[in-house]
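Working notes for the structure below.
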Amino acid sequence: MNIQKKAQRGFTLIELMIVIAIVGILAAIALPAYQDYIVRSKMTEALGALAEGKTTVAEYVAANGEGPDAASKFGLNLGTGRNSDILYRLQVDPEDSSVANTTFYLIAQVYDSVWTGGDPDSGAISVFSLSGETNADGTMTWACVPGDGPNASEASIVAKYLPANCRG
């Protein structure tokens, strides 16, 4: 009696199950990191608005030697009419900053829905800011800080969602 073996074609059920398990494990590791990356990319809108404000404040201080007596004189869009699902508004602290060598805080108020996935109209807001120190020569030194500067009155954005230069 002559028994011939047929050549095996395809994959066995065990091999397929192992591949699916490996893909599942990789997806479980990669998905949270990907979601954090998406949130950090959305935070660039707020950081861009702060960078624009940084330039405006630095130009004002360089031209006048001090801050204005009202934050509205910086020429920034400080209102809530930004029509954004990410950035609620910008603030400048102190609002009366006419004293030379003052530290200015440009504060970005961001909807918590950016990382929770909820509705922006829920009203939950968190903040991060740029701290600008005026120097004797009229220049400014800027640093990114979590929270809203000296007030600490609003919730700070979770560090893993902040831009890289604000996490340290």
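A short reminder: the numbers here are calculations on the coordinates, not readings from a lab. The structure presented is a predicted model; accordingly, all values stated were derived computationally and were not measured. Cβ sites come from the backbone with ideal geometry, for glycine too, and all protein chains shown count toward neighbours.
For the stretch 56-72, 3J(HN,Hα) computed residue by residue from phi via the Karplus equation (6.51, -1.76, 1.60; θ = phi - 60°) reads 5, 5, 4, 5, 4, 5, 5, 6, 10, x, 7, x, x, 7, 8, 4, 5 Hz, glycine and proline entered as x. The stretch between residue 119 and residue 20, if pulled fully straight at 0.36 nm per residue, gains 32.2 nm over its current Cα-Cα span. Seen from residue 131, the other residues with C-beta closer than 12 Å to its C-beta sum to a net charge of -2, counting Lys and Arg as +1 and Asp and Glu as -1. Panel order for 31, 106, 87, 13, by other beta carbons found within 10 Å of each beta carbon, from fewest to most: 13, 31, 87, 106. Taking amide hydrogens as placed 1.01 Å from N in the peptide plane, the amide H of residue 105 sits under 5 Å from those of 93, 132, each at least 5 positions away in sequence or on another chain.
Charged neighbours of residue 154, selected by a Cβ distance under 13 Å, balance to -2 (K, R count +1; D, E count -1).
Given a Förster distance of 30 angstrom, what is the FRET efficiency for residue 156 paired with residue 77, based on the Cβ-Cβ distance and rounded to 0.05?
Approximately 0.85, to the nearest 0.05.
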